[in-house]
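Input: a single structure, listed below in structure tokens.
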Amino acid sequence: MDNSKWPARAVLPVAQPGLKFIFITILITGMLFYFGWVLSAWVALAVTLFVCWFFRDPDRDIPADEKCLVSPADGKVIIVEKQEKCEYLTGSILKVSIFMNVFNVHVNRVPFDGVVQTVQYHPGKFMNASFDKASIHNERNALIVKTANDVSFAVVQIAGLIARRIVNCVKKGETVKKGERYGMIQFGSRLDLYLPCDFDVAVSVGDKTCAGSTIIGYMK
């Protein structure tokens, strides 16, 4: 994981964690063209363009409603269900899972204002993140956040089949704001939200989400 602070607004059109990958692919492409390996160079150029596109980091308009909780990720809602327990919060919870494919923007955003109570990193496997058992068995990083109304929720980054690096840029005790960038999962995965049982959910399975702008629901 990487705990360096993420800028409030995009300084570049690509996310900072992707710069090293972009530089490497540009270097390889340049070398291939220099040595005259033209076919390989064009393939490398295509890879470079894809890497630049994958790490895009657009600014988003954050909803002004103080009670709304926004999506932490671009992707598709694959789970909306109540559960009797989870490893992050006590008591019954509402779980919302968002699957990110390789074509989505992968920068993750804070769902709601609060103070980070705990940062829990768990090493694990790299099975397909669309499987529900990925929530338990895959590598993951959880933030447990307490709001000003003393309500706790958890947002969990889960690595997937292709994703091999979770980037988290916030620490325990840090105050976070709704919609601000806090990390990413490189090359596809999923985000799980664990919310209070009385949370007023506004999305359904199959809905598409945009990080920071799609309203997942409302805190009581």
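For segment 1-121, averaging the sequence separation of C-alpha pairs within contact (under 8 Å, six or more residues apart) and dividing by the residue count gives a relative contact order of 23 percent. Contact order, relative form, for the chain: 27 percent (alpha carbon pairs under 8 Å, 6 or more residues apart, mean separation divided by residue count). For Rg/Rh (Cα atoms, Kirkwood Rh), the value computed from the atomic coordinates appears in the list (i) 1.06; (ii) 1.01; (iii) 0.95 under label (ii). With contributions of -39500 (n - 2.57) from each DSSP H run of at least four residues, the per-residue ellipticity at 222 nm computed over the chain stands at -5500 deg cm²/dmol.
Hey, if you put +1 on the Cβ of every Lys and Arg and -1 on every Asp and Glu Cβ in the chain, which of Cys86, Tyr218, Leu195 ends up farthest toward the positive end of that dipole? Working it through, the farthest residue towards the positive pole turns out to be Cys86. Amide hydrogen proximity for Arg56: with H placed 1.01 Å from N in the peptide plane, the residues at 5 or more positions away or on another chain lying under 5 Å are Ala15. For the peptides 115-122, 212-219, 104-111, residues were scored by their other Cβ atoms within 10 Å and the scores averaged per peptide; the highest-first order is 104-111, 212-219, 115-122. Most tightly packed first, judged by the mean number of other beta-carbon atoms within 10 Å of their residues, the peptides 69-78, 52-61 read 69-78, 52-61. The GluC sites (Glu not before Pro) of segment 32-97 that meet both conditions, a loop assignment by DSSP and at most 14 other Cβ atoms within 10 Å of the site Cβ, are Glu66, Glu84, Glu87. Applying D = kT/(6 pi eta Rh) to segment 178-220, where Rh is the Kirkwood radius over alpha-carbon pairs, T corresponds to 37 °C and eta to 0.692 mPa s, the Stokes-Einstein value obtained is 267 µm²/s.
Quick note: the coordinates plus some simple rules give every number you see, no bench work behind them. All of these numbers come straight from a predicted model, not from anything done at the bench. So basically every Cβ, Gly included, is an ideal-geometry build from the backbone, and we count neighbours across all protein chains shown.
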